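The values are calculated or read from the model by the stated rules, or taken from the named source; none is laboratory data. All figures in this text were calculated on a predicted structure; none of them were measured in a lab. Glycine also receives a Cβ, built like all others from the backbone with ideal geometry; neighbour counts cover every protein chain displayed. To get the accessible areas, we keep the full protein, side chains included, count just its heavy atoms, and leave off ligands, DNA and RNA. Shrake-Rupley method; radii C 1.70, N 1.55, O 1.52, S 1.80 Å.
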Amino acid sequence: MTNSDQRSDEDAIDVQGGYSSGIAVIDPEDSFTDPGIEPHRPRKTDLFPEAEKRSARTVVAWMVLSAIGAVAAIVAYVVFPIDGHDISTVRPNNLFLGLGIALSLLALGIGAVHWARQLMVDEETIDIRHPQRGSEEAQAGALEVLDAANKESGFGRRTLIRRSLIGAAVLTPLPGIVMLRDLAPLATQGGDPAELLRHTMWTAGTRLTRDPDGTPIKASDVQIGSAVHVIPEGLTNETEDWLNKKAKAVVLVVRLEEEDLIEAEEKKSWSYHGIVAYSKICTHVGCPVALVEQHTHHLLCPCHQSTFDVADGAKVIFGPANRALPQLPIAVDDEGYLVAQSDFHEPVGPSFPERAL
Amino acid sequence: MTTTESAPAAAPRTFIGKASNYLEERSGISVAVKEFGRKVFPDHWSFMLGEVALYSFVVLVLSGTFLTLFFQPSMAEVEYHGSYAPLSGMHMSAAYASTLHISFEVRGGLLMRQVHHWAALMFVAAAGLHMLRIFFTGAFRKPRELNWVVGFTLFVLGMAAGFTGYSLPDDLLSGNGLRIIDGVLKAIPIVGTWLSFLMFGGEFPGSVIISRLYMAHIMLIPALIIAMIGLHLLMVVLHKHTQYPGPGRTNNNVVGYPLLPVYAGKAGGFFFIVFGVLVAIGSLVTINPIWAYGPYDPSPVSAGTQPDWYIGPVDGALRLVPPHIESVIFGWTFSWNILIPSLIFGIVLISVAIYPFVEAWVTGDRREHHVLDRPRNAPTRTAIGAALMTAYSVMWAAASGDLMATHFHVDVFLVTHVLQVLLFVGPVVAYFITKRICLGLQKKDREIVLHGIESGEIVRLASGEYVEVHKPIDEYERWRLVDFTSYAPIERTHPNADGKITFGSRMRAALSRWFYEDRISPVKPSELTSGHEQPESLPDN
Ligand code: HEM
Ligand code: FES
């Protein structure tokens, strides 16, 4: 290939409408010529009247089938009612009603397409394209209109009006944006968000109870290796905002052999005879960490597979989470039931910007 | 004598005649019919993907409207006493209870829910495939760049519509999805906590999110989608459809079938086929059995749950991050483990959105293009597309990492590590393989033009030599194979007015070399005449 037929000059003007062809390699001297549209090949239905008649009958048959489908759907609606006491009646209703409607739609569609493909004239036709930009006159005309508008309004000349107009137009929508503020309650009504995220329903002395029946848990009932899903005592669906509270307060209690536990010095008193309680809300983006692997003492988050080691402070050993699950300090009350020593000492769940402030 | 009114044409007699006359005198509709009635549409199966998306959207509006008649977008708590016995007596939101009501007590309600959900999956899938078609055939080139951006917006809006709809029933699965959204919002630097509170009206989950999503799902997003579809189709009409290269197809014409009647017949029929297929699937295949998941509760979760397919890549990207990347700067927490994957996903999306402009800049080509590229004839673009698709697929696969692990009995950690590597290596490998394949196919095309098609017939020459007979191809077939332009890299960089070579022009030259270094030009007549002695004259670089 010689250099002469390359147009690497971006400003080169191509024959085509005076636009740059960029680096396209175009060589009008040495290229094939377009042979033009292929001759039309007649279909069977163009050649044989019987074939045409057969096709026409087929189309009619599809339309009749479609009508039958529509009627069948209505019949199915009536003869397969749903009985409120028998859930198994839902299935036939869904199935036969659906198949009736589907038949009616499909047959109509197939019939129409068959008609278009077999019977309508299928000679290709040609439309001419015009360059996308308007003609010179059209562009000149548009310019004239804009000029006139400019002159008659003085938009270009009256700078002060123009600037004040723009200023006003920028400010006018602002109230609409400000009004979105009340999407969330005011700090004075609902509390400061970051502050709310730092606290849960747990307080000193709150009993640990089973999720969801709310029965308290005797320390002696927690078997080694077992895991109990826990909510604070008194959290029921009667509680105000119970879902919000539950979304922060759920805890997983696990009992290990005491010697298997690796505990930080300041957290030694947070467990009770190998029983530890950790927040169940993943520190990644907040799914419940509900899968317990018995042998390895690992907690697995089903959402993105973050894995926490219960034996070692629930620290992250795999996955996208950054922080260990917060630990709930626990003790036992006079009756031998597990209770919280206090609330969590750090916010539970996903990180948020003010978390460390 | 003067007449102020032109005499009306002879009064029509038939009903249709009268009706159209009525309309004509009030709208002058004849102008539009005359202008557009015979508008030509080229025919190709790949042009139907956009139609599938459009028709699925119509099905969504129809089935969705039916659902609004029964659905209650409220988180008010109710005790369930409907016909689904396993949940009897449970506390749940009115939204969840009404979805159970639609499923089990309204005749055809379950059908409409399932049709709606399948249509949603089909809508996003068809829009995605349509986008791939546009990309790989270069249909986004001038003058269609803006329509590419509109189409891209539609794809994103489709994902948003799907996510908001999926969340409405307030079941356990979708509630967990919202919880993940809450976590991701909170990761946004500085303002994250506030954004989450504004969205949920306080702490997660609050009691307003369902009605807010409902507003977005049935009004805001559909309205935007309809506006964008309108714009999209308007531009299709303005630009006229592109066509594949072929005999008689030039940059200055469009060859195909007229709107009335053939195209209208086919497209109209096809709408009913798409609708019918969706209803058939909806009546045969269960989707999103929310009764099996139970109402939302922040405590339980089951393993192996999957978001709808189009959310998969986002979810997967979140999974591929290694642990312990978060930092505290001036007391503010920055959760890179969420920001980085979101950013990567965002970069993939944005590079898709701006690709037409980048390619136009690199080629400097400012002509209009109405004849499509066959993907093999634009090897670098095709390879870039394959690389982007690979990155997308790896993220998508990551969303099912746990399922793959249990299915193939391998460690989920291992699966994750493999995917982490693949996310970076996969696109590169895909790029090179695809490019080689394209160049190979181009060479094959040249072979065919120069030597004809291998007929499979072996003959023995008088000399005793065996050769395979090559059948020459006709001029129509040949045109299909040679009608494309090849591009040469910018060889020199241009000094600007001050005689300096700017960084921009240097970069452009480098990019252009990367784009067009490996190229194979179409066979030229001069090669054909001398072609038999000279099997290939490929530019070697
Ligand atoms: C633009 C595309 C749309 C998409 C992608 C979409 C997607 C979805 C999805 C995935 C669901 C969950 C269905 C399920 O329960 O399994 C849903 C629910 C719903 N959608 Fe849509 N939708 C769209 C448009 C519409 C429109 C236009 C309307 C109403 C005019 C509508 C009304 C509803 C209602 C009321 C529900 C909740 C009822 C239920 O889940 O059973 N949707 N949507
Ligand atoms: S929410 Fe637990 S890993 Fe993502």
*Label point 7 Å out from residue B:208 along Cα-to-Cβ: which residues of the range B:164-199 have amide N under 12 Å?*
B:197-199
*Relative contact order (percent) for chain A, with alpha-carbon contacts under 8 angstrom and 6 or more residues of separation?*
11 percent
*Provide the packing ranking of B:442-448, A:175-181, B:275-281, B:219-225, i.e. peptides ordered by the mean count of other C-beta atoms within 10 Å per residue, highest first.*
B:275-281, B:442-448, B:219-225, A:175-181
*For the range A:283-357 versus the range A:186-233, the gap between their alpha-carbon centres in whole angstrom*: 13 Å
*Degrees separating the helix B:412-451 axis from the principal Cα axis of chain B, which is the longest one*: 30 degrees
*What does the accessible area per residue of the range A:194-340 come to in Å², with a 1.4 Å probe and no ligands, DNA or RNA counted?*
39 Å²
*What total accessible area, in Å², is buried where chains B and A meet, using a 1.4 Å probe and rounding to the nearest 100?*
10500 Å²
*the range A:75-147-the range B:116-151 distance, computed between alpha-carbon centres (Å)*: 18 Å
*Given labels modelled 7 Å from the Cα in the Cβ direction, how far is it in nm from residue B:233 to residue A:204?*
7.0 nm
*Among B:404, B:395, B:507, what's the order by accessible area (1.4 angstrom probe), most exposed first?*
B:507, B:404, B:395
*Is there a simple number for the mean count of other chain Cβ atoms within 10 Å of the Cβ of residues in A:234-243, and what is it?*
3
*Helix A:136-153 vs. chain A, principal-axis angle (Cα, 0 to 90°, nearest 10)*: 60 degrees
*asked:* With a 1.4 Å probe and all protein chains kept in place, how do B:39, A:53 rank by accessible area, largest first?
replied: A:53, B:39
_Rounded to the nearest 10 Å², what accessible area does residue A:344 have for a 1.4 Å probe in the complete protein model?_
10 Å²
*As a check on your grasp of the helix formula, calculate [θ] at 222 nm for chain A: sum -39500 (n - 2.57) over DSSP H runs of n ≥ 4, divide by the residue count, round to the nearest 500.*
-10000 deg cm²/dmol
*With the full set of protein chains in place, find how many percent of the accessible area of chain B is carbon and sulfur; take the probe as 1.4 Å.*
68 percent
*asked:* Counting only protein heavy atoms, probe 1.4 Å: which residues of the range B:185-214 lose 40 Å² or more of accessible surface in the full assembly compared with their chain by itself?
replied: B:186, B:193, B:194, B:197, B:198, B:203
_Before I look further, what does the range B:436-529 give for accessible area per residue, probe 1.4 Å, in whole square angstrom?_
60 Å²
*State the percentage of accessible surface on chain A attributable to carbon and sulfur atoms; use a 1.4 Å probe and exclude ligands, DNA and RNA.*
60 percent
_Please state the shape class of the range A:194-340: rounded when a/c is under 1.5, otherwise prolate if a/b exceeds b/c and oblate if not, all from the C-alpha gyration tensor._
oblate
*Which whole number gives the average, over all residues in A:286-294, of C-beta atoms from other chains lying within 10 Å of the residue C-beta?*
4
*Using only Cα atoms, tell me the angle between helix B:94-104 and the longest principal axis of chain B; keep it within 0 to 90° and round to the nearest 10.*
70 degrees
*Quick one: which bits of the range A:185-203 get at least 10 Å² less accessible when the partner protein chains are in, versus the chain alone, with a 1.4 Å probe?*
A:185, A:193, A:196, A:197
_Förster radius 60 Å - calculated FRET efficiency between residue B:528 and residue B:336, Cβ distance, rounded to 0.05_ = 0.50
*Once the dipole of chain B is set up with Lys and Arg at +1 and Asp and Glu at -1 on Cβ about the Cα centre, which of B:217, B:439, B:143 lies farthest towards its positive end?*
B:143
*Using θ = phi - 60° and Karplus 6.51 cos²θ - 1.76 cosθ + 1.60, couplings along the range B:229-239 (whole Hz; Gly, Pro as x)*: 4, x, 4, 4, 6, 4, 5, 4, 5, 4, 7
*Taking the range A:19-78, which chymotrypsin sites (Phe, Trp or Tyr not before Pro) meet the DSSP loop condition and have no more than 16 other C-beta atoms within 10 Å?*
A:19
*What order do you get for B:19-31, B:307-319 when each peptide is scored by the mean count of other beta carbon atoms within 10 Å, highest first?*
B:307-319, B:19-31
*So, with +1 on the Cβ of K and R and -1 on the Cβ of D and E, and no other charges, what is the size of the charge dipole of the range B:36-108 about its Cα centre, to the nearest 20 debye?*
360 debye
_Size of electric dipole in the range B:436-529: Cβ of Lys, Arg +1 and of Asp, Glu -1, about Cα centre, debye, nearest 20_ = 620 debye
*How do A:215, B:14, A:239 stack up against each other in accessible area, from largest to smallest, with a 1.4 angstrom probe?*
B:14, A:215, A:239
*Under 17 Å from the 7 Å Cα→Cβ point of residue B:77, by amide nitrogen: which residues of the range B:196-231?*
B:203-210
*Please give, to one decimal in nm, the separation of the simple spin-label points placed at residue A:195 and residue B:45, each 7 Å out from Cα toward the Cβ.*
6.5 nm
_Mean-position separation - Cα centroids, the range B:338-368 and the range B:203-241, in angstrom_ = 23 Å
*Using 0.36 nm per residue of separation minus the Cα-Cα distance, give me the extension gain between residue A:75 and residue A:221 in nm, one decimal.*
46.6 nm
*Any aspartates and glutamates with Cα under 16 Å of the residue B:435 Cα? List them, leaving off those in the same chain fewer than 8 positions away.*
B:373, B:445, B:517, B:518, B:540
*Quick one: how many Å² of residue B:506 are accessible to a 1.4 Å probe, rounded to 10?*
140 Å²
